[in-house]
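The structure under discussion appears below in the form of structure tokens.
Nothing in this text is a laboratory measurement; each read-out follows from the coordinates by a stated rule. Just so it is clear, the structure is predicted and the values come from calculations on it, not from any experiment. Glycine also receives a Cβ, built like all others from the backbone with ideal geometry; neighbour counts cover every protein chain displayed.
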Amino acid sequence: MHYFHYIDDQLCCEDVPVLSVAQAVGTPFYLYSHRTLKRHFEVFDSAFKDIPHIICFSAKANSNGAILRIFINEGSGIDIVSGGELYRALEAGADPRKIVYSGVGKREEEIRYALKSDILMFNVESSQELEAINEYAGRMGVVARISLRVNPDVDPMTHPHISTGMKENKFGIDINKSLEEYRHAERLKHIEVIGVDCHIGSQITQIAPFIDALDRLKELIASLRNEGVGIRYLDLGGGLGITYDQETPPHPADYAKAIMDRARDIDCTFIFEPGRVIVGNAGILVSEVLYTKTNADKRFVIVDAGMNDLLRPSLYDSYHKIQPVELKGRKSILSDVVGPICESGDYLARGRAIPGLERGELMAVMSAGAYGFSMSSNYNSRPRVPEVLVKDGMFYVIRSRETLADLARGESIPDFLR
Ligand code: LLP
């Protein structure tokens with residue numbers, strides 16, 4: 001469900017024509033629908049209204065401060081994986097006691113920053129990390145609240161690059177060794193054990209893997225409580241998938257129901273870390289066709305957005321629908337939609353029957369709100385594109401286009417080169 005649709009053959013975000021935004025900000029740009037973002041958050045959050053829970057929006061999916069603020073204003077916490085994301089979350093007004101911090105490689109200054117900010121908990125991913133947090137907390141004279149991120153070894157049945165909860169992945173602590181690790185954590189002076197956490201992967205389109213993981217966590221919680229370890233939080237991570245093409249992921253209400261059916265006898269506050277399901281279909285990338293050409297019978301549509309702006313197709317061969325900004329009853333033509341980057345892997349769609357777009361026309365790459373801008377880069381010295389938010393018939397630039405000077409910001413020329 002989203003609010004990108006055609007009105008009189010013009011693609012609109014809510015009721016704002018995409019073309020009018022393009023005329024104001026130029027292309028390429030990311031465009032988000034406030035109504036969609038708010039609705040997705042509300043649907044997800046209210047699906048869990050019958051159990052105590054905190055939604056911690058996963059900042060890595062989209063870390064724009066205005067976007068974070070939309071969810072924070074709705075009561076969201078934030079799931080972070082770096083000091084940078086902590087900074088952004090706090091700047092956006094997040095309640096530190098609703099911030100959870102995962103990640104296998106937390107650095108000392110990041111841990112200290114999180115301790116100083118008094119975040120809700122660290123999701124600890126290794127024995128050494130646990131020791132490090134204990135040590136830094138001790139030196140700061142504070143106690144760190146933690147959960148262990150356990151690796152429940154369930155197959156999320158998703159793309160191998162984004163599956164994280166199987167035993168061969170780098171994430172988390174082997175669930176079979178976690179009891180031992182928890183016993184150790186209980187003995188550490190500057191550690192307070194408060195939760196159990198897992199995150200099994202992303203773009204998951206079935207309920208079963210989540211339930212398998214939950215069942216394994218429930219067993220662990222029971223064993224821990226037997227030993228007198230007070231577990232108050234169960235963090236089930238994120239990972240619920242969306243429809244990019246033909247996928248039929250469970251509706252958040254069905255996902256929630258399946259979880260709540262098994263959750264009533266667990267006396268815990270649940271934490272969820274959704275990213276994609278909230279923002280994925282709430283954003284598009286708008287780009288202009290620069291040229292078309294045919295090489296060896298293959299039609300190329302060369303557009304002004306590239307893999308540096310949206311990496312997902314190149315990195316995961318992932319599908320994003322391509323739609324013309326003006327419909328005009330076009331015939332579909334088998335094409336590759338490619339960007340200006342000097343890499344053969346720079347494409348947004350490959351071997352796809354897409355509406356015949358011509359030089360100077362605009363197209364939208366759909367479902368680009370999650371892991372779109374947040375994974376973009378300056379490769380080929382391309383300034384990063386603006387982000388624009390539509391609300392109530394108006395649009396707001398929530399990140400301006402980088403300038404050429406931004407590209408060299410922070411660089412310095414040593415004297416011997418002058
Ligand atoms: N929590 C943790 C600990 C995570 O690592 C992630 C995503 C999430 C929550 C949010 O997952 P979501 O609800 O968005 O599935 N760049 C890839 C996705 C990588 C996901 C990494 N972790 C992509 O573009 O598909």
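Label separation (MET157 vs SER46): 3.0 nm, computed from points 7 Å beyond Cα along the C-beta direction. Qualifying chymotrypsin sites (Phe, Trp or Tyr not before Pro) in the range 318-418, where qualification requires a DSSP coil assignment and no more than 15 other C-beta atoms within 10 Å, comprise TYR379.
Packing, taken as the mean count of other beta carbons within 10 Å per residue, orders the peptides 362-370, 300-308 from highest to lowest as 362-370, 300-308.
Treating the range 275-404 as a set of equal point scatterers at the Cα positions, no solvent, please give the Debye-formula log₁₀ I(q)/I(0) at q = 0.14, 0.15, 0.16 Å⁻¹. These q points yield log10 I(q)/I(0) values of -0.62, -0.71, -0.81. The calculated 222 nm mean residue ellipticity attributable to helices in the chain amounts to -8500 deg cm²/dmol, summing -39500 (n - 2.57) over DSSP H runs of n ≥ 4 and dividing by all residues.
According to the Kirkwood relation over distinct C-alpha pairs, the hydrodynamic radius of the range 95-274 is 16.6 Å.
Extension gain for GLU131 to ARG107 (0.36 nm times residue separation, less C-alpha to C-alpha distance): 7.4 nm. Taking all Cα pairs closer than 8 Å and separated by 6 or more residues, the relative contact order of the chain comes to 19 percent.
With only the Cα atoms considered, the range 357-418 has a convex hull volume of 162 Å³ per residue. Working ranking of peptides 45-57, 194-206, 175-187 by packing, defined as the average number of other Cβ atoms within 10 Å per residue, highest first, is 194-206, 45-57, 175-187. Whole angstrom only: what separates the Cα centroid of the range 178-214 from the Cα centroid of the range 367-397? Centre-to-centre (Cα) distance: 33 Å. According to the Kirkwood relation over distinct C-alpha pairs, the hydrodynamic radius of the range 51-160 is 14.6 Å. For a test of the definition: using alpha carbon positions, the gyration tensor, and the 1.5 limit on a/c, classify the range 1-100 as rounded, prolate or oblate. The shape class here is oblate. Quick note on the chain: its Rg to Rh ratio, both from C-alpha atoms and Rh being the Kirkwood radius, is 1.00.
When only the Cβ of Lys, Arg, Asp and Glu is charged (+1, +1, -1, -1), the dipole of the chain relative to its Cα centre reaches about 420 debye. Of the peptides 231-239, 7-15, the order by per-residue mean of other Cβ atoms within 10 Å, starting with the highest, comes out as 231-239, 7-15. If R0 is 60 Å, the Cβ-Cβ spacing of LEU290 and LYS257 corresponds to a FRET efficiency of close to 0.80.
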